[in-house]
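The values are calculated or read from the model by the stated rules, or taken from the named source; none is laboratory data. Owing to the predicted nature of the structure, the values given are computational and were not obtained by experimental measurement. FYI the Cβ positions are ideal-geometry reconstructions off the backbone, even for glycines, and counts take in every protein chain you see.
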Amino acid sequence: MRRARPLVAIVAASLLLTGCGASLPPSVIAGSEIAIGWQGELTSVNAASREGATAANLDVAAATRSQFASIANDGTLAPNRDLGEVEIVDDAPFTVRYDLADDVMWSDSVPLDAADLLLAWAAGSNALAPEGFDADAAIDDAGELAVPEGVAWFDVADAGGLALADGLPEVDEFARAIEVPLSASVADWQTMLDVAVPAHVVGRLALGIEDPMEAKQAVLEAIRIGDPERLAAIADAWSTGFTVSGSPDASLLVSSGPYVVDAADEGGVTLVANRRYAGTTPTIETVELAALSPDRLLTAVGSDVEAVEVVPTEENWEAIRDLTRDDFVMTATQTGRIWTMQFRGDRGVLQSTLARQSLLHAIPRSDVVAAATGAWSAEMSSTDSVLFPTSSDGYTISLQDSGFDDRWGSPDPEVAAVERDQAGVQAGTAVCVVYDRDEPYAVRAFQAIAAGIAESGWAVTDCGADDLDARIAEGGWDAVITQVALPTSAAEAAAQWGTGGAANLTGIGDAARDEAIAASGAATETNDVRDQLVLAETSIVAQGVVLPLSNVVVADVVAPGIEGVQPRNGPDARLTWQLPAWALPEE
């Protein structure tokens with residue numbers, strides 16, 4: 001989709017944001033452009049803030065913000081040495097050094113330096129907040145955070161390991177580096193520091209200092225000396241100052257990534273190549289994120305736009321199949337969520353492990369997955385893990401060590417009947433299964449389960465609900481068919497599968513599992529993190545509290561001839577995370 005822009009506005013913004021007089025990187029083909037069908041709206045260019053961390057804002061941030069490292073599709077960590085180096089420099093206290101590369105700068109030609117790193121630390125850790133301030137207690141009646149005037153609180157979306165910050169970082173201004181001390185080791189030490197916004201822009205917004213070098217120096221000094229008044233203004237600017245509405249202030253759109261926002265409105269977002277980017281540069285000069293309604297995506301691809309992402313349904317399967325027959329490329333991209341059937345283990349008929357084991361042996365899982373996924377059965381592959389994506393080596397190792405396939409891989413009605421009798425459960429006993437009546441997958445899964453377990457002497461009660469969360473909170477159910485997110489941190493794993501976890505629907509836990517999850521959060525080597533989570537998964541399998549069903553996917557459809565598109569598995573930025581790799585067909 002090509003949208004007209006006022007020429008003067010585009011040229012002015014580009015000169016400001018990409019550096020006056022800077023030429024395009026040699027890799028960029030001048031005048032080249034591509035459009036991606038997009039849903040959402042750019043509301044903030046600080047996607048690290050709680051309000052800014054929307055799917056649409058994260059799409060844009062993936063193209064406009066450099067990170068020290070990212071997680072690849074196979075679950076491995078990919079360092080970004082174009083931005084800088086990260087290393088553990090001390091074990092007591094655990095200290096991590098973030099060292100910027102020599103030539104990195106913002107798109108307005110202002111260097112990235114220690115001030116930007118220190119601001120990222122202050123925002124992520126909130127270590128400079130007044131002692132005793134409780135952000136949870138500052139939530140108002142509307143559910144919004146209401147920070148009292150004069151309080152330095154950064155409304156960060158996810159602190160990660162920086163929540164364990166222990167003391168002010170040591171700053172090396174000459175080397176453009178900081179060393180961050182923590183009270184304990186953390187698994188995310190390579191990714192926890194998010195340089196989300198420029199210190200010189202924050203300094204201008206918060207302190208009224210126009211000169212960029214003076215502004216960022218003032219930010220650095222305010223953090224160093226703990227100036228409460230200036231810190232409160234800096235925190236407020238970081239949290240709220242990067243909101244985008246209408247025609248955004250061009251000075252807020254400064255980028256450290258391969259692209260920079262050139263324009264944004266109700267029609268979408270225009271990204272142009274960042275002329276000051278020191279990393280792997282793109283070949284395409286302009287990328288349009290064209291706002292389209294869901295019903296227009298498939299009709300627009302190949303004409304108005306070159307790529308789209310859609311939710312697979314029974315209704316759109318044939319249309320997408322026909323596109324692939326015309327040389328469009330479709331990728332079933334995992335969203336980082338899976339469908340599961342979870343069992344309540346602290347009450348009711350499934351309270352004993354043997355009863356749950358019997359039901360697991362009674363459920364014909366492959367039949368259930370085939371029925372639930374329908375026309376998309378080949379793309380919505382089954383999964384045997386609740387902690388690892390199927391593309392990771394942790395998934396393979398988990399299957400080997402947890403024994404999932406040996407325990408629950410194949411249904412056995414006869415064994416299930418014997419186990420049911422041994423558990424003291426009478427034939428014909430019904431299990432109350434909760435699911436969302438508005439979710440076609442869940443409806444079809446329930447129907448297949450109901451038909452499949454009768455041979456084993458089990459029955460089901462249809463406890464489907466229009467409001468799943470309310471029905472779960474109501475209680476009185478035995479099992480639930482629902483999606484869960486694959487954890488990306490120890491905190492998420494503990495919340496979903498730990499004893500007393502806020503999202504733990506099973507009602508039970510295991511001390512050894514809790515210990516393994518906690519150890520995964522403190523491990524500093526990727527393989528050690530994986531091995532601890534394998535131990536946790538083994539405990540989950542042994543308890544028989546969940547039956548993983550299949551991956552939740554989206555269909556990413558790309559027009560013929562577009563090369564280098566590698567959608568990212570996970571919850572966000574699936575299409576925009578590697579835009580520099582995209583290439584147009586040769587003419």
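In the range 100-130, of all residues being surrounded by fewer than 20 Cβ atoms within 10 Å (Cβ to Cβ) and acidic (Asp, Glu), the one that is nearest to ILE178 (Cα to Cα) corresponds to ASP102. Of all residues in the range 398-427, those being surrounded by fewer than 20 Cβ atoms within 10 Å (Cβ to Cβ) and in contact with a Phe, Trp or Tyr (Cβ under 6 Å, 6 or more places away or on another chain) number 0. Considered as a group, the residues in the range 131-145 that are among the aliphatic types (A, V, I, L, M) and exposed (fewer than 10 other Cβ atoms within 10 Å of the Cβ) include one that is nearest to THR191 (Cα to Cα), and that residue is ALA137. Quick check on my filter: what residues within the range 309-341 are part of a strand (DSSP E or B) and over 26 Å from LEU486 (Cα atoms)? Passing the criteria: only VAL329.
Here's the yes/no breakdown for (1) polar (S, T, N, Q); (2) assigned to a helix (DSSP H, G or I):
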| residue | (1), (2) |
| --- | --- |
| THR524 | yes, no |
| ASP531 | no, yes |
| LEU535 | no, yes |
| ALA555 | no, no |
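Filtering the range 93-112 to residues that are within 21 Å of GLY167 (Cβ to Cβ) and charged (D, E, K, R) leaves ARG97, ASP99. Just one residue in the set VAL86, VAL110 is farther than 29 Å from ALA233 by Cβ and assigned by TED's automatic domain parsing to the domain that holds GLN190; that residue is VAL86.
Does SER391 fit the bill of being touching an Asp or Glu at 6+ places or on another chain (Cβ under 7 Å) and within 21 Å of THR333 (Cα to Cα)? Step through it out loud before you land on a result.
Numbers: touching an Asp or Glu at 6+ places or on another chain (Cβ under 7 Å): yes; within 21 Å of THR333 (Cα to Cα): yes.
Taking the combined requirement at face value, the residue satisfies it.
A single entry from LEU182, LEU168 fulfils the requirement of being in contact (Cβ under 8 Å) with a residue 24 or more places away in the chain and under 22 Å from ALA232 (Cβ atoms): LEU168.
The single condition among (1) among the hydrophobic types (A, V, I, L, M, F, W, C); (2) within 19 Å of the chain's Cα centre (by Cα); (3) in a loop (DSSP other than H, G, I, E, B) that LEU505 does not satisfy is (2). When the range 145-162 is filtered for residues that are within 30 Å of SER520 (Cβ to Cβ), touching a residue at least 60 places away in the same chain (Cβ under 8 Å) and part of a loop (DSSP other than H, G, I, E, B), the ones remaining, listed by number, are TRP153, PHE154, ASP155, ALA157, ASP158.
The single condition among (1) of a type in the set (S, T, N, Q); (2) at pLDDT 95 or above; (3) surrounded by fewer than 16 Cβ atoms within 10 Å (Cβ to Cβ) that SER456 does not satisfy is (3). Give the residue, chosen from ALA416, ALA430, that is modelled with pLDDT of 95 or more, in a helix (DSSP H, G or I), hydrophobic (A, V, I, L, M, F, W, C) and touching a Ser or Thr at 6+ places or on another chain (Cβ under 9 Å). Matching residue, one of ALA416, ALA430: ALA416. Report whether or not GLY544 is of a type outside the set (Phe, Trp, Tyr) and at positive phi. Judged against the criteria, GLY544 is a match.
Residues of the range 100-144 that are out of contact with any helix residue (DSSP H, G or I) (no Cβ under 9 Å at 6 or more places or on another chain), under 23 Å from HIS200 (Cβ atoms) and not in a loop (DSSP other than H, G, I, E, B): MET105 alone. ALA494 meets each of the listed conditions (1) at pLDDT below 95; (2) in a helix (DSSP H, G or I) apart from (1). For the range 294-323, residues that are among the hydroxyl-bearing types (Ser, Thr, Tyr) and in contact (Cβ under 8 Å) with a residue 60 or more places away in the chain total 1.
When the range 459-476 is filtered for residues that are under 23 Å from PRO411 (Cα atoms) and either among the aromatic types (Phe, Trp, Tyr) or buried (at least 17 other Cβ atoms within 10 Å of the Cβ) (or both), only VAL460 remains. Within the range 450-486, the residues that satisfy the criterion of being within 15 Å of THR340 (Cβ to Cβ) and touching a Phe, Trp or Tyr at 6+ places or on another chain (Cβ under 9 Å) are LEU468, ASP478, ALA479, VAL480, ILE481, THR482, GLN483, VAL484, LEU486.
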